[in-house]
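Remarks on the structure that follows.
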Amino acid sequence: MKSMTIEIWSDIVCPWCYIGKRRFESALARFAYRDQVEIIWRSFELDPHAPRRYAGTLDDLVVKKLGVSQAHAAALNAQVTAMAAAEGLDYRLDQAKYGNTFDAHRLIHLAATHGRQGAVKERLLRAYFTEGRPISEPDTLVAVGAEAGIPADTVGVMLAGDAYVEAVRADERRAAMFGIQGVPFFVINEQYGVSGAQDPAVFLNTLEQAWAKSHPLTLVSAPTATEGCDDGSCAVAPAYEAGRDHETVLT
């Protein structure tokens, strides 16, 4: 049984979510108790009303959503592409085919029942950001699911019905309960929250704090109240609690 649960809310078309995933993975690789961590991918739709397929480019979409010039939109996308490259990701935003992500989130829930949730999440992100595949289209979802280890006919049956619709909605309600308004957002043991694609050091610090809190040290015997060394133990000045700069406690 895993000792730490990390819920990650993100959307497939969110460029910061893929970057945040890589930074979190970098921190997790350095976490001493990584084998005791269970990761659950939660659904979050940045635009629940997005059409199945957006006709324009991502630059056009940024212009529409932010009200900036075409040149400014191109510069913003170029900036996030460079930041992704620093994490080893090959963004090709000029080829990205933006669209509704609801069915992709359903696929991620289906993947969880096959023990392939992480693999499907990664495959969807790469399909969208690097390969220019329309992740809102059923054919793409069937193919991506199969590539990540889910039988194609199983994905097809899921897409043809309403399986996991309520699971997606439940994730979104849970996000609202925590007050999550943007992604990526990481919740550790329902007590610690990290918002955004933070530096790996922030993730690692929070993981270590969460682990220490959930695994407190049990003293077998306590030293005497007087300072100095006596009976094989030394009394020291009270310790201070440090390293809480990056903690966000969810209540």
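A straight chain from residue 49 to residue 119 at 0.36 nm per residue would run longer than the Cα-Cα distance by 22.5 nm. Across the stretch 139-188, Cα-Cα pairs farther apart than 14 Å form 62% of the total. The spacing between the stretch 157-207 and the stretch 27-86, judged by their C-alpha centroids, is 15 Å. Karplus-derived 3J(HN,Hα) values for the stretch 45-52, using 6.51 cos²θ - 1.76 cosθ + 1.60 with θ = phi - 60°, are 9, 5, 9, x, 9, 4, x, 4 Hz; glycine and proline are entered as x.
Straight Cα distances below 23 angstrom link residue 121 to the lysines 2, 21, 97, with same-chain residues fewer than 8 positions distant left out. The long axis of helix 70-86 is offset from the longest Cα principal axis of the chain by roughly 50 degrees. For the chain, the extents of the C-alpha atoms along the principal axes are 77, 44, 31 Å, listed from largest to smallest. Note on the chain: helix-only mean residue ellipticity at 222 nm, from DSSP H runs of 4+ residues weighted -39500 (n - 2.57) and normalised by residue number, equals -14500 deg cm²/dmol.
Placing a label point 7 Å from the Cα of residue 83 along the Cα-to-Cβ direction, the residues of the stretch 172-191 whose backbone N falls under 11 Å from that point are 184.
Note on residue 72 and residue 139: with the Förster distance fixed at 35 Å, the Cβ-Cβ geometry gives a FRET efficiency of about 0.50.
Taking amide H positions as modeled 1.01 Å from N, with prolines and chain starts lacking one, no residue 5 or more places away or on another chain lies under 5 Å from residue 180. Taking the longest Cα principal axis of the chain as reference, the axis of helix 15-29 is set at about 30 degrees. In the chain, the longest principal axis of the Cα atoms and the axis of helix 165-178 are about 50 degrees apart.
All other residues whose Cβ lies under 13 angstrom from that of residue 86 are scored, Lys and Arg at +1 and Asp and Glu at -1, for a net of -1.
The packing ranking, built from the mean of other Cβ atoms within 10 Å per residue, places the peptides 94-102, 42-50 in the order 94-102, 42-50, highest first.
Over all pairs of distinct alpha carbons, what does the Kirkwood formula give as the hydrodynamic radius of the stretch 6-102, in Å?
About 15.1 Å for the stretch 6-102.
Quick note: the coordinates plus some simple rules give every number you see, no bench work behind them. Computed from a predicted structure; not experimentally measured. Glycine also receives a Cβ, built like all others from the backbone with ideal geometry; neighbour counts cover every protein chain displayed.
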